[in-house]
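Data block below; observations after.
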Amino acid sequence: MTIRIHQVKKEELKEYYQMQIKYLDKDDFSEFLQNVDKYKGLYLCAVDNGKIVGVVYPGTYNGEMYLRGICVDLSKKLNDKGIGSKLIKAFEKKMAQRGLERITVGSAEEPRAENFYLKNGWQPTQLVVKKIEKLPSNYKEIIKKENLSEDKDADGKTLVLRTPVTDYESGKILRERLEKELNAKECIFILEKKLKKK
Ligand SMILES: CC(C)(COP(=O)(O)OP(=O)(O)OC[C@H]1O[C@@H](n2cnc3c(N)ncnc32)[C@H](O)[C@@H]1OP(=O)(O)O)[C@@H](O)C(=O)NCCC(=O)NCCS
């Protein structure tokens, strides 16, 4: 297996899009094309023998670029072969070349994804509580006690709650407590990678 990483080529756009919508963001095809154009040079893919086996791409939140999506082809059992690490390293390099000092990602709430970022040197900085079904009666108390700040999700409407964390292990304990206290279906880690100047 010889993996090469490059910016998606015109003839690979459909294949790239299929991979993105299968594992990551379900954008419309036209939205996808606009983003490829907007983030020129940052829609990267891992290719083996002419086939796309993994993708990584950015997005923008509050005026800052972040890592919006990364995946490898799980259907071909291509995970755990170092392809994701190759992709994320190439992405970090491109972002550093653009002068960014740090990048963030909101990890899927899955040990596989979280361990992948940790292994690649990303640091947990925040927990974001999402999908709060029904606010508990002692909501205000919990907010204060747990040092949570209210914010809106990327859609600009849905309530999310943020709190800083210092490390993964204590973050996991806090997450379990927050999900219980707030009847939340999801609570994700935000991780960041400090980039070296290129
Ligand atoms: C997360 C993902 C991109 C990692 O890509 P990958 O090519 O498998 O990653 P690598 O082979 O470079 O690194 C594997 C590391 O991930 C972690 N990992 C992978 N599978 C794991 C599992 N089942 N449980 C715990 N950790 C796991 C480990 O830290 C592993 O390191 P190790 O090999 O030293 O044990 C890939 O699993 C994926 O596409 N997942 C589905 C989509 C997804 O969740 N994307 C992230 C969205 S935020």
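Taken together, the values in this text are just the output of simple stated rules run on the coordinates, not laboratory data. Everything numeric here is computed off the predicted structure, so don't read it as measured data. Cβ coordinates were reconstructed from backbone atoms using ideal geometry, including for glycine residues, and neighbour counts include every protein chain displayed.
The string of couplings for region 148-164 from the Karplus curve (6.51, -1.76, 1.60, θ = phi - 60°) is 9, 10, 7, 8, 10, 5, 4, 6, x, 10, 6, 5, 10, 10, 10, 8, x Hz, one whole number per residue in order, with x for Gly and Pro. Once backbone amide H atoms are built at 1.01 Å from N, His6 has Cys45, Val47 as its partners under 5 Å, excluding neighbours fewer than 5 places away on the same chain. Angle of helix 168-181 to the longest C-alpha principal axis of the chain, folded into 0 to 90 degrees and rounded to 10: 60°.
How much net charge surrounds Cys187 when only other residues with a Cβ under 9 Å from its Cβ are counted (Lys, Arg +1; Asp, Glu -1)?
That sum, taken over residues with Cβ under 9 Å, equals 0.
Using only side-chain charges placed at the Cβ, +1 for Lys and Arg and -1 for Asp and Glu, the dipole size of region 123-194 relative to its Cα centre rounds to 60 debye.
Between the alpha-carbon centers of region 70-134 and region 8-58, tell me the distance in whole angstrom. Spelled out, the Cα-based centre of one part sits 16 Å from the other. For region 162-184, the residues whose backbone nitrogen is under 13 Å from a point 7 Å from the Cα of Lys145, taken along Cα to Cβ, are 177-183. Kindly flag which residue pairs out of Lys51/Lys76; Lys51/Lys119; Lys10/Lys38; Lys130/Lys185; Lys9/Lys38; Lys157/Lys194 have an alpha-carbon separation exceeding 18 Å in this structure. Distance filter (> 18 Å) returns Lys51/Lys119; Lys157/Lys194. In a DSSP loop and with at most 10 other Cβ atoms within 10 Å, the trypsin sites (Lys or Arg not before Pro) in region 167-197 are Lys196, Lys197.
Taking the Cα centre of the chain as origin and assigning +1 to Lys and Arg Cβ atoms and -1 to Asp and Glu Cβ atoms, the resulting dipole is close to 700 debye. P(r) for the chain, from all Cα pairs and a bin width of 5 Å, is 1, 7, 15, 18, 17, 16, 11, 7, 4, 1, 0, 0 %, short bins first. When the P(r) is computed for region 123-194, the part past 20 Å accounts for 23% of the Cα-Cα pairs. The angle between the Cα long axis of helix 29-38 and the longest principal axis of the Cα atoms of the chain comes to about 80 degrees, rounded to the nearest 10. Specify the longest stretch of the chain that does not include any exposed loop site, a site being one of the GluC sites (Glu not before Pro) with a non-H, G, I, E, B DSSP assignment and at most 12 other Cβ atoms within 10 Å. In the chain, the maximal stretch lacking such sites is 1-100.
Let's test the formula: R0 of 35 Å, r as the Cβ-Cβ distance of Thr158 and Met1. What FRET efficiency results, to the nearest 0.05?
Numbers: r = 41 Å, r/R0 = 1.17.
Plugging the Cβ-Cβ distance into 1/(1 + (r/R0)^6) gives 0.30.
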